[in-house]
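Have a look at the structure below before the remarks.
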Amino acid sequence: KEETHEAFGAVSEQVAYQMANGVRKVLNTDIGIGITGIAGPGGGTEEKPVGLVYLGIKTKSTHIAIKLMLSGTRDEIRSKTVQKALDEIYLTATDIVNNR
């Protein structure tokens, strides 16, 4: 939502959550994920430095927000982010299956 983006910025827990929730609704899936961050090499600020990433994961009954502070090149930060996101999707899916 535009007002969330304006209030918290593009790189925020709130935006990651809304992205995850939107993905889940639009695609009618059990799990939605949203990722937002600053991979660099530029674009960082003192408040939101390069390497700051938020993952939002939304299921029917849960919402998980994860803040990451990663280091490395742009490609390394992106790769680490994807790996963490896949790990969290796996854990969340395992929980869903085990609780059915």
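Computed from label points 7 Å out along Cα-Cβ, the spacing between residue 62 and residue 82 is 2.5 nm. Here the dipole of the chain is about 320 debye; that uses its Cα centre as origin and unit charges on the Cβ of Lys and Arg (positive) and Asp and Glu (negative). Sparse packing (at most 10 other Cβ atoms within 10 Å of the Cβ) combined with a DSSP loop state is found for the following trypsin sites (Lys or Arg not before Pro) in segment 1-83: 1, 60. Computed from backbone phi with θ = phi - 60° and the Karplus coefficients 6.51, -1.76 and 1.60, the 3J(HN,Hα) list for segment 81-94 is 5, 4, 4, 5, 4, 5, 4, 5, 4, 4, 4, 5, 5, 4 Hz; x is used for glycine and proline.
Sorting 79, 61 by accessible area puts them as 61, 79; the probe is 1.4 Å, largest comes first, and only protein heavy atoms count. Projecting the Cα positions of 79, 97, 39 onto the charge dipole of the chain (unit charges on Cβ atoms of Lys, Arg, Asp and Glu, taken about the Cα centre) puts 97 furthest along the positive direction.
Given the rule -39500 (n - 2.57) for each run of at least 4 DSSP H residues, summed and divided by the residues of the chain, what is its mean residue ellipticity at 222 nm, to the nearest 500 deg cm²/dmol? Helix-only estimate at 222 nm: -15500 deg cm²/dmol. Within the straight-line cut-off of under 22 Å between alpha carbons, the lysines reachable from residue 84 are 48, 58, 60, 67, sequence neighbours fewer than 8 places apart in one chain being disregarded. Between residue 1 and residue 89, the contour length at 0.36 nm per residue exceeds the alpha carbon distance by 29.3 nm. Under the combined filter of DSSP loop state and at most 11 neighbouring Cβ atoms within 10 Å, segment 1-65 retains these GluC sites (Glu not before Pro): 46, 47.
The values are calculated or read from the model by the stated rules, or taken from the named source; none is laboratory data. All figures in this text were calculated on a predicted structure; none of them were measured in a lab. Neighbour counts run over all protein chains shown; Cβ positions are idealised from the backbone, glycine included. For accessibility, only protein heavy atoms count, side chains too; no ligands or nucleic acids. Shrake-Rupley method; radii C 1.70, N 1.55, O 1.52, S 1.80 Å.
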